[in-house]
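Following: one structure in structure tokens, then a few remarks.
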Amino acid sequence: MIDNNNLQQRDNFGSRLGIIAAAAGSAIGLGNIWKFPYITGVYGGAAFILVYLICIALIGFPLMLSEFLVGRKAQKNAVGAFKRLAPGTPWFMTGWMGVVAAFVILSFYSVVAGWCLEYIVKAVTGVFTGSTPEQINAIYEGFTTAAVKPIVWTIIFMGITCWIVMAGIKDGIEKYAKFLMPLLLVIIIILDIRAVTLPGAGSGLAFLFKPDWSKINGEAVLAALGHAFFSLSLGMGTMITYGSYIGKKENLGETAIQVTIADTLIALLAGIAIFPAVFAFGIEPGAGPRLVFVTLPNVFQQMPGGYFFGILFFVLLTVAALTSSISILEVVVAYFSEELKWSRKKATFAAGGAITVMGILCALSYASSSAFSKVKLIQGTVFMDSMMWLSDNLLLPIGGLLVCVFVGWVLGRKKVEEEVNSEGNHLGYMPFFMVAVKFIAPIAIAIVFLKGVGII
Ligand code: PFF
């Protein structure tokens, strides 16, 4: 039974635009700008994009709507939501897993976001101007394996994240998302225009959009699905938490579609900003973080106006990272403040502080002078890479699987309908949604999971 007093006391998003900005802000992050273009390149361009779009439509999008509706129905944080909707059952552990995933993801995410801050400074101070590719690579290696600087930037980035989250939903998360997301869109469009107007940009576009079906195999499909999860911020209670701040009159079905489309569009725009520029200068696209921290500085320093565009690009990355990191921290803060009855301030300090410590450990695990960098954990990788492995292969898929099963089989169609069709709204694709959450998504996620942990 939901008591109305409790509903009224909760901070909510204040406007429709605010909801979209905050949820899209969570989804659009480092994953879109660095990872999506890179994996698209590796797995055959347009062919991979098609597979990714299918994963988004059949699994990602239904799961996003599922998380929204669980959160809004319960009006609670990720743990409290399951306690309220399935009292006396172990389902609340799904929420716990989300809280653990938030710790794990934000620990490495804050380190990489810290790198983006350092790269804004490097771009502004013109460090790359006149450097050879070898020097730019050495700058990256030197910085990411240093002991002190990455830690300092991690702490600064977490400080900003905490400061926004502490201000609350309407006056913190929503306010900043409404300002930062349009800024992000403007920057990415400027970078796109610059990239496609470079002589020789066509081969980059071809790389990105010409399908190479020979590269589509099981591994590519798994990469697409795994990335769909991470990119849409699914499987760890972020959208449950944000959903709990959405008012009952909002059309959840529409919101989920809009956020999904925004996330996918920005990923494509990021690819269009990156590859034409890389190919125009005949540079081999780098793999992983090197694509943005080594390849692109090389590109910018040869490009007309590159000083300016370089700064813009790293501001873009930082903005994208920030609106995502606040959503991750909010999962933990909402849990601490509602379940443990802590003030928002105390919850933010505790969660932010603990995650910062984990972030420092991540940074140290890359620092060549630290003994911690010699400690090998999951599959022989250092702490930071192990955190990435844990979230990609274990926490997000299991979390997502459980949410689908919960919505499809435990809540069931009637309760789902009650929630998504609240206050005169109508979900036009109910049969598709139920088939997706009951069958398609759980089976697909189970396959990814078993493959990810090496069972199949
Ligand atoms: N969706 C973000 C990105 O693409 O970078 C990352 C992320 C944010 C993952 C929030 C999970 C999450 F809860």
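Coordinate-derived values only; no laboratory data. Here the structure is a predicted model, which means the values were calculated and not measured. Please note: Cβ atoms are built from the backbone with ideal geometry, for glycine as well, and neighbour counts cover all protein chains shown.
A few notes on this one:
- Note that the stretch 160-268 carries a Kirkwood radius of 17.3 Å, evaluated over its alpha carbons pair by pair.
- Extreme residue, positive dipole direction of the stretch 30-129, given options ALA102, VAL79, LEU117 (C-beta unit charges): VAL79
- Listed residues TRP91, ALA441, ILE56: farthest to the positive end of the dipole of the chain (Cβ charges): TRP91
- The charge dipole of the stretch 186-317, taken about the Cα centre with unit charges on the Cβ atoms of Lys, Arg (+1) and Asp, Glu (-1), comes to about 100 debye, rounded to the nearest 20.
- For the stretch 318-374, trypsin sites (Lys or Arg not before Pro) meeting the loop criterion (DSSP other than H, G, I, E, B) and having at most 12 other Cβ atoms within 10 Å: LYS341.
- Stretch gain in nm, segment ILE54-ILE456, where the contour uses 0.36 nm per residue and the Cα spacing is subtracted: 142.5 nm
- Candidates LEU180, ILE156, THR145 compared by Cα position along the dipole of the stretch 127-183: farthest toward the positive end lies LEU180, with charges placed on Cβ.
- Out-of-range pairs (alpha-carbon distance over 26 Å; input LYS35/LYS73; LYS76/LYS414; LYS35/LYS178; LYS170/LYS249): LYS35/LYS73
- Contact order normalised by residue count of the stretch 56-201, Cα under 8 Å, 6+ apart, percent: 14
- Contact order relative to length of the chain, as percent, for alpha carbon pairs under 8 angstrom and 6 or more apart: 33
- The aspartates and glutamates within cross-link reach of LYS149, meaning a Cα-to-Cα straight distance under 16 Å and a gap of 8 or more places when in the same chain, are GLU118, GLU141.
- Label reach from ILE190 (point 7 Å along Cα→C-beta): in the stretch 121-142, amide nitrogens under 17 Å belong to 121-126.
- Max-minus-min Cα coordinates of the stretch 201-321 on each principal axis give 52, 38, 22 Å, with the largest extent listed first.
- Computed from point charges on the beta carbon alone (+1 for Lys and Arg, -1 for Asp and Glu), the dipole magnitude for the stretch 1-102 about its Cα centre is near 160 Debye.
- Zero-based 5 Å bins, Cα pair distances in the stretch 55-141, whole percents: 3, 12, 12, 13, 12, 10, 8, 8, 9, 7, 5, 2, 0
- Mean-position separation - Cα centroids, the stretch 395-446 and the stretch 85-120, in angstrom: 22
- For the stretch 42-73, the residues whose amide N sits under 12 Å from a probe point set 7 Å from the Cα of ASP212 along the beta carbon direction are 42-48.
- The chain: proportion of alpha-carbon pairs further apart than 27 angstrom, %: 51
- Adding -39500 (n - 2.57) for every DSSP H run of four residues or longer, then dividing by how many residues the chain holds, sets the calculated 222 nm ellipticity at -21500 deg cm²/dmol.
- Compared with the dominant principal axis of the Cα atoms in the chain, helix 344-366 is inclined by about 40°.
- Note that the stretch 177-220, at 37 °C in a medium of 0.692 mPa s, gets a Stokes-Einstein diffusion coefficient of 252 µm²/s from its Kirkwood radius over C-alpha pairs.
- Kirkwood Rh and Cα Rg combined as Rg over Rh, evaluated for the stretch 341-384: 1.20
- Average projection area in nm² (convex hull over Cα atoms of the stretch 1-145, one quarter of hull surface): 13.3
- For the stretch 352-439, taking the reciprocal of the average inverse distance between every pair of different Cα atoms yields a Kirkwood hydrodynamic radius of 16.3 Å.
- Under a model in which nothing but the beta-carbon of Lys, Arg (+1) and Asp, Glu (-1) is charged, the chain shows a dipole of about 660 debye around its Cα centre.
- Contact order, relative form, for the stretch 315-456: 16 percent (alpha carbon pairs under 8 Å, 6 or more residues apart, mean separation divided by residue count).
- Here the mean projected area of the convex hull built on the C-alpha positions of the stretch 315-394 is 6.9 nm².
- Shape class of the stretch 259-356 from the alpha-carbon gyration tensor: prolate, with a/c at 1.5 or above and a/b greater than b/c.
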